[in-house]
Structures are given as structure tokens and as C-alpha cells.
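The values are calculated or read from the model by the stated rules, or taken from the named source; none is laboratory data. Everything numeric here is computed off the predicted structure, so don't read it as measured data. Virtual Cβ from ideal backbone geometry, glycine too; neighbours counted across all protein chains shown.
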Amino acid sequence: MAFEVGDRVVAEKSGRRRRSARQPLRPGRHGVIVRVLRGDPNPRYEIKWDEGTTTVYSPANSGLHPDPDHDGAQSQP
């Protein structure tokens with residue numbers, strides 16, 4: 001799936017599989033697409049994460065998804 005500037009996304013963290021009953025799934029990382037560096041078939045995005053950092057991200061194996069907690073009607077500051 002291709003994303004555009006301003007889209008809210010969630011990146012799955014590695015190790016999301018449940019390893020034991022005491023260790024829950026690791027939460028995804030939430031952010032906003034700041035710049036599309038390369039499109040499909042091998043996309044590359046600059047993403048500003050909610051923690052305040054900005055990184056270049058190349059999703060592998062569908063590791064980047066639209067943010068299901070984000071209401072598209074709200075605008076970002």
C-alpha cells in the first residue's frame with residue numbers, strides 16, 4: 001500500500017510475536033509521513049514518530065499500516 005505526505009501510519013516492531021504468556025505483543029510505532037522518498041514497488045518514507053524523532057523507513061513484508069486509531073476527519077497541527 002502506498003502512503004502520501006500527511007498520512008498517519010503504524011509500523012510493526014520486530015519481535016511482535018508472543019513469546020510467552022507473561023510477555024505481551026509489543027505495540028506498533030505511530031507517526032506521520034513527512035516525505036515520500038521513493039514510491040512502489042520498494043517504498044521509502046521519511047516519518048516523524050509520535051516520540052518526536054524523524055527517521056527514514058523502508059517497510060518490509062507489509063510492516064507499515066494506516067493508523068486505525070486515527071480519525072481521518074481530524075487535521076494534524
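Filter the range 23-64 down to the residues that are touching a Gly at 6+ places or on another chain (Cβ under 8 Å) and of a type in the set (V, I, T) and list them by number. Write out each step before concluding.
Applying the first criterion (touching a Gly at 6+ places or on another chain (Cβ under 8 Å)) to the range 23-64 yields 26, 32-33, 47-50.
Correct list: V32, I33, I47.
Filtered by the rule that a residue be closer than 13 Å to D7 by Cβ, outside any loop (DSSP other than H, G, I, E, B) and modelled with pLDDT under 85, the range 21-77 gives no residues.
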